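The values are calculated or read from the model by the stated rules, or taken from the named source; none is laboratory data. Since the structure is predicted, the reported quantities are computational estimates derived from the model, not experimental observations. Positions of Cβ are generated from backbone atoms using ideal geometry, with glycine treated the same way; all protein chains shown enter the neighbour counts.
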Amino acid sequence: MKKLMKGNEAIAEAAVRAGCRAFFGYPITPQNEIPEYMSWRQNEVGGTFVQAESEVAAINMVYGAASAGVRAMTSSSSPGISLKQEGISYICGAELPCVIVNMVRSGPGLGGIQPAQSDYFQAVKGGGHGDYHMLVYGPSGVQESVDIMYQAFDKAEKYRCPVMILGDGMLGQMMEAVELPEMKDISKLPKQEWAVTGKGRGKTRKIINSLYIQPDELEEVTHRLFDRYAEMAKNETASEEYMTQDAEIILTAYGTVGRIAKSAVNMLREKGIKAGLIRPITLYPFPSKAYNDLAKKDAVKQFICVELSMGQMIEDVKLAVNGLKEVKFYGRTGGNVVSPEDIVNAVIKEVK
Amino acid sequence: MEEKIIIAGFGGQGVLSLGQLIAYAAIHDGLEVTWLPSYGPEMRGGTSNCSVVVSDKQVASPVIAKPDCLIAMNKPSLFKFESRVKEGGIIIINSSLTDIKAKRQDVKAYYIDANDIALEAGNVRTANIAVLGAYVKLRGLFSADTVKQVIEQQFAAKPKVIPANLKAFELGYNKFD
């Protein structure tokens, strides 16, 4: 039978089943259930849980554990994720896999503790320094979070870069019925050739590092990273479309707001307004082609981007739509959440 | 079928667990469900609420603007949410802690002295379960047997409190025809 689980707990369990054997974190609302769950669960599976002295320490512990080839992760919420940015940049520079969960709360600064989507830029454009990206997912429900988390380490190892799960307070706190995947046998996971696990006799030295003093060398490394991102864009880009077949108004939103917008589409259809929805599942790589294909359709009149921010994803939507159709915005911020009715009213205002 | 419920009360009244029991009953019956709590600086004595959506299809929005059913465990909750109840919806009011009536004429209000029932059941903390009984009877979404089974499962770790909870459920259930 399906189990009723909170988003945070379900993500933690899915991580364990995916082979996560090292968790490093520091408490912050609204993601505390993840470290809380890990604190006893890692003990059960013979893994490591450390409540670090700070977010900075936690991400650098992830850096260390990932260097040794261990499936390592951290989780936090907005202000804590800001603190982790230096470490994330280093992990990207050192070409290491790991998973980072951000249950976004409102900002800037300490902001508030209610749900928000105002960390989109930070997540997809690179919140730390340097030329890098992460594979960023924006799951809309508990089951989808579990499914993404279960694959996240495989993807991180494939592309040798962090995977970020960009949720929000709502996703972390809500409960839904989930089907949990089976526990992966960690002894059967692929060996990472680059992992530093002790020199041993007669083997070549392995070095994990992100320092390249020679410009040509660093340029080559950066090109290698971006070749992987191109590969990632080819293989991993994902989005969901709902009622877009004959839609004239295309709503777009990610994460929990994506499903609130889905209810809004249903309500608009009842009022005779031909609305549809496109919900990106990967935020980086962004599913630009899906948007562009919709923009090319004659029936489509305009896009309305709904976010719990002042408008961040809308920039990627506009790039994808490329001027073919108008892109409008509706959003709330500060921790306020939109209801389907709010979205319906915003759309009706635009249509009139 | 889609039923949207907002349950509100003081922190410590079992508002969140009342919502969870409805969610477990939904899963038991093979329905889809979302349970979304208010979270924040709430504590015992503060206000607390949760939104539960039960559906025979996948639930889209877990956020509820207009509930079909409001369960108000105290007076402030009635003040806060009464205006949002959908036309033709219902409000279940814990009259032990609410000395006023619902103002709306286009919804149906039901009053249950849940705290007194809980005392009668032998445990004052079962007021939320008495209200659950009333909810199950009034909405007819789940059978009493299903919910009793869910109560037994959820309190399995504390078997001592099961009889009082089942009694409170019965009393709440039998309060309405």
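Looking at the range A:56-90 only, could you name the residues that are farther than 20 Å from residue A:9 by Cα and in contact with a Pro (Cβ under 8 Å, 6 or more places away or on another chain)? Correct list: A:66, A:88. Being within 14 Å of another protein chain (Cβ to nearest Cβ), β-branched (Val, Ile, Thr) and surrounded by 20 or more Cβ atoms within 10 Å (Cβ to Cβ) is a property that residue A:28 has. In this structure, is residue A:343 within 12 Å of chain B (Cβ to nearest Cβ) and in contact with a Ser or Thr (Cβ under 6 Å, 6 or more places away or on another chain)? Answer is no for this residue. So for the range B:15-27 (the condition being at the interface with another protein chain (Cβ under 10 Å from one of its Cβ atoms) and either charged (D, E, K, R) or in a loop (DSSP other than H, G, I, E, B) (or both)), does at least one residue qualify? No, because not a single residue in the range B:15-27 is at the interface with another protein chain (Cβ under 10 Å from one of its Cβ atoms) and either charged (D, E, K, R) or in a loop (DSSP other than H, G, I, E, B) (or both). Reported count of residues in the range A:96-116, each being more than 14 Å from chain B (Cβ to nearest Cβ) and over 11 Å from the mean Cα position of the chain (by Cα), is 6. As a summary of the residue check, residue A:260 satisfies the conditions (1) more than 14 Å from every other protein chain (Cβ to nearest Cβ); (2) part of a helix (DSSP H, G or I) except for the one numbered (1).
Conditions (1) hydroxyl-bearing (Ser, Thr, Tyr); (2) over 18 Å from residue A:230 (Cβ atoms); (3) more than 14 Å from chain B (Cβ to nearest Cβ), marked per residue:
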| residue | (1), (2), (3) |
| --- | --- |
| A:128 | no, yes, yes |
| A:137 | yes, yes, yes |
| A:142 | no, yes, no |
| A:150 | yes, yes, yes |
| A:164 | no, yes, yes |
| A:169 | no, yes, no |
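Candidates are the residues of the range B:31-46 that are outside any strand (DSSP E or B) and at pLDDT below 95; the one that is surrounded by the fewest Cβ atoms within 10 Å (Cβ to Cβ) is B:41. Number of residues in the range A:157-169 that are more than 18 Å from residue A:36 (Cα to Cα) and over 12 Å from the mean Cα position of the chain (by Cα) equals 5. Restricting attention to the range A:227-257, the residues that are surrounded by fewer than 19 Cβ atoms within 10 Å (Cβ to Cβ), within 14 Å of chain B (Cβ to nearest Cβ) and among the aliphatic types (A, V, I, L, M) add up to 1.
Remark: pairs (first residue in the range A:176-195, away from every other protein chain (no Cβ under 14 Å) and within 30 Å of residue A:141 (Cα to Cα); second residue assigned to a loop (DSSP other than H, G, I, E, B) and not polar (S, T, N, Q); Cβ separation under 7 Å; 6+ apart in sequence or on different chains) = A:184/A:18; A:184/A:19; A:186/A:19; A:186/A:21; A:189/A:19. Taking the criterion of being surrounded by 15 or more Cβ atoms within 10 Å (Cβ to Cβ) and within 14 Å of another protein chain (Cβ to nearest Cβ), the residues of the range A:293-335 that qualify are A:306, A:308, A:332, A:335.
Scanning the range B:53-65 for residues that are facing another protein chain (nearest Cβ under 9 Å) and either hydroxyl-bearing (Ser, Thr, Tyr) or under 16 Å from the mean Cα position of the chain (by Cα) (or both) yields B:61, B:64.
Quick check on the range A:247-256. Is at least one of its residues closer than 14 Å to residue A:139 by Cα and assigned to a helix (DSSP H, G or I)? Within the range A:247-256 (the criterion being closer than 14 Å to residue A:139 by Cα and assigned to a helix (DSSP H, G or I)), the answer is yes, since at least one residue qualifies. If you scan the range A:297-348, which residues turn out to be within 18 Å of residue A:260 (Cα to Cα) and either acidic (Asp, Glu) or without any contact (Cβ under 8 Å) to a residue 24 or more places away in the chain (or both)? Residues satisfying the conditions are A:307, A:311, A:314, A:341, A:342, A:345. Residue count for the range B:30-51 under the criterion of being touching a Leu at 6+ places or on another chain (Cβ under 8 Å), of a type outside the set (Gly, Ala, Ser) and more than 7 Å from chain A (Cβ to nearest Cβ): the result is 1. Checked against the criterion of being under 28 Å from residue A:113 (Cβ atoms) and either of a type in the set (Gly, Ala, Ser) or at the interface with chain A (Cβ under 10 Å from one of its Cβ atoms) (or both), the range B:85-94 has no qualifying residue. Any residue that is without any contact (Cβ under 8 Å) to a residue 60 or more places away in the chain, under 15 Å from residue B:9 (Cβ atoms) and in a loop (DSSP other than H, G, I, E, B) - is there at least one of those in the range B:114-135? Taking every residue of the range B:114-135 in turn, none turns out to be without any contact (Cβ under 8 Å) to a residue 60 or more places away in the chain, under 15 Å from residue B:9 (Cβ atoms) and in a loop (DSSP other than H, G, I, E, B).
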